[in-house]
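So the structure is just underneath, and the comments pick up after that.
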Amino acid sequence: MANLQTTFAGITSPNPFWLASAPPTDKAYNVNRAFEAGWGGVVWKTLGEAGPPVVNVNGPRYGALLSPDRRLLGFNNIELITDRDLEINLREIAEVKRLWPDRAMVVSIMVPCEEKSWRAILPRVEDTGADAIELNFGCPHGMSERGMGAAVGQVPEYIQMVTQWCKQYGKLPVIVKLTPNITDIRNPARAAKAGGADAVSLINTINSIMGVDPYTLTMSPSTGGKGSHGGYCGPAVKPIALNMVAEIARDPQTAGLPISGIGGIGTWRDAVDYIALGAGNVQVCTAAMVYGFRIVQDMADGLSTYMDEMGFTSVSQIVGKATPTVSDWRYLNLNHISKAVINQDSCIQCGRCHVVCEDTSHQAITFEKNGKRHFEVKEDECVGCNLCVNVCPVVDCISMRDLAVGEIDLRTKKAVVGLHADWTTHPNNPMRSTA
Ligand SMILES: Cc1cc2nc3c(=O)[nH]c(=O)nc-3n(C[C@H](O)[C@H](O)[C@H](O)COP(=O)(O)O)c2cc1C
Ligand code: SF4
Ligand code: SF4
């Protein structure tokens, strides 16, 4: 069994699977059970400043996008930060950390964007024995209307300023949690680094509305007939988050800044995607809320088996392994050519590939041969777009074949060239480099 112990921003945990700041980490009861199940660490549900706690709506605070077989694809919430008293939370954090000294205990904080507010809460959190703090600059609803959460995360100068306060007045490592509701994720990550952050974590949730009840024509879910946008998460957001993680990992200005990957993680495969693209560990919320804490056991077993198969002896050996394969579009090799191939033995002749290629792609799949249904790729039309692969209901029935150098592409009638040629030098590009 591979050793899954991970050190992230100086914080050691028995595995790289942490629970993200959210309902699963809102109280000692949950976190103790999560640690019993095997989670390597938690980020405690975001704490606010001392005084009367925030108040949540007393109606539906969650909404879901479900597949036709009712598996959850996307999840939406309008929940605020913890609505429990600060003193109770701090006491429970200290108790749980004492019980589980080997697990990572990170405390998420969101207080007004004023120096005195941050200065007041930092020593109180440190007194709990927590390992680090996470600054919640990402909550996109409710709190952002009050000038906190995403309202801070959308202004790089504020991120830098608050991070600096936390480094100046606090002793714990600072993880800055970023909002995805921004045009270029590299700017807030750079600001966090400039402020002295020990790490960034991302993503928090994405602004979203789930839909409308067609019979009342009311936004749904609603609280007594009205709704507000919420934060979107779960499997549907993973590709968005992966791109943001990779953008930060390959940005020379944030090189080496540890990244905690969050968004749609529910399996060891999801975790490998994040880690290989540059994350040092991962955090999970929705999958735990939908399937329960015990999913971590499959995640840990799966990751360990994968590492044994691949010959990795520590998680750190996987970190960023795939980052150099992420490129800007303009550097992709335009001389590379692929064609779809249909395996006739596994084809169930449903015809979906033909329909989509005929209607929306390149009319490159047959429908019949000798009067019988027959689906075969016409290589002289196929541009290798991968659409048919994505719609075919049979696993691996359609695959993509890379043409060998020298092979004739039947569509262009030209031999495949071995040399790399991309848009930066392409003759159709008026801005091409001629050097
Ligand atoms: C119901 C709910 C409440 C959340 N509350 C917080 C919070 O208090 N603080 C925070 O930083 N993120 C909060 N999040 C965001 C999650 O920590 C996480 O960033 C996001 O859900 C993406 O991960 P996932 O796809 O695994 O859910 C919340 C998410 C959900 C679903
Ligand atoms: S790869 Fe694209 S063009 Fe080729 S057969 Fe499939 S859908 Fe048609
Ligand atoms: S979509 Fe797949 S199974 Fe259906 S006809 Fe095409 S290749 Fe065969």
- Message: Starting from the 7 Å offset along Cα-to-Cβ, what nm value, one decimal, do you get for the label separation of Thr305 and Gln5?
- Response: 2.5
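Extension gain Arg373-Glu126, at 0.36 nm per residue separation less the Cα-Cα distance, in nm?
Details: separation 247, 0.36 × 247 = 88.92 nm, distance 6.96 nm.
Taking 0.36 nm per residue and subtracting the Cα distance, the gain is 82.0 nm.
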- Item | J(HN,Hα) series, the range 73-90, from Karplus relation 6.51 cos²θ - 1.76 cosθ + 1.60, nearest Hz, glycine and proline x | 9, x, 9, 10, 9, 10, 6, 9, 5, 4, 9, 9, 4, 4, 4, 5, 4, 4
- Query: If the cut-off is a Cα-Cα distance under 16 Å, which aspartates and glutamates reach Lys116, setting aside same-chain residues fewer than 8 apart in sequence?
  - Reply: Glu49
- Query: What nm value, rounded to one decimal, do you get for the distance between Lys413 and Asn58 when each label is placed 7 Å out toward the C-beta?
  - Reply: 7.7
- Note on the structure: Between Arg71 and Gln317, Cβ-based FRET efficiency (R0 30 Å, step 0.05) works out to 0.35
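Could you tell me which of the pairs Lys45/Lys238; Lys372/Lys414; Lys27/Lys171; Lys45/Lys167; Lys45/Lys193; Lys238/Lys378 are separated by over 28 angstrom between their Cα atoms in the structure shown?
Details: Lys45/Lys238 21 Å; Lys372/Lys414 33 Å; Lys27/Lys171 24 Å; Lys45/Lys167 21 Å; Lys45/Lys193 24 Å; Lys238/Lys378 34 Å.
Exceeds cut-off: Lys372/Lys414; Lys238/Lys378.
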- Using θ = phi - 60° and the Karplus form 6.51 cos²θ - 1.76 cosθ + 1.60, what ³J(HN,Hα) does each residue of the range 385-399 get, whole Hz, x for Gly and Pro? 6, 5, 4, 4, 4, 6, 9, 4, x, 9, 4, 6, 6, 10, 10
- Task: Between Ile348 and Thr223, take the C-beta separation as r, use R0 = 41 Å, and let me know the FRET efficiency to the nearest 0.05.
- Result: 0.35
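Do the sum for the chain: with -39,500 (n - 2.57) for every DSSP H run of n ≥ 4, divided by all residues, what is the mean residue ellipticity at 222 nm, to the nearest 500 deg cm²/dmol? Can you show the working numbers first?
On the way: 12 runs with 120 residues, N = 435.
That calculation yields -8000 deg cm²/dmol at 222 nm.
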- Message: Once each part is reduced to its C-alpha centroid, what is the distance from the range 378-435 to the range 81-138 in angstrom?
- Response: 53
- Task: Could you state the angle between the C-alpha long axis of helix 115-126 and the longest principal axis of the C-alpha atoms of the chain, as a value from 0 to 90 degrees rounded to the nearest 10?
- Result: 90
- Message: Which cysteines in the chain lack any other cysteine whose Cβ sits under 4.7 Å from their own Cβ?
- Response: Cys113, Cys139, Cys166, Cys233, Cys285, Cys347, Cys350, Cys357, Cys382, Cys385, Cys392, Cys397
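Every read-out reported here was derived from the displayed coordinates using simple, explicitly stated rules and does not represent laboratory data. Since we're looking at a predicted model, the values are computed, not measured. Backbone-built Cβ (ideal geometry, glycine too); neighbour counts: all protein chains shown.
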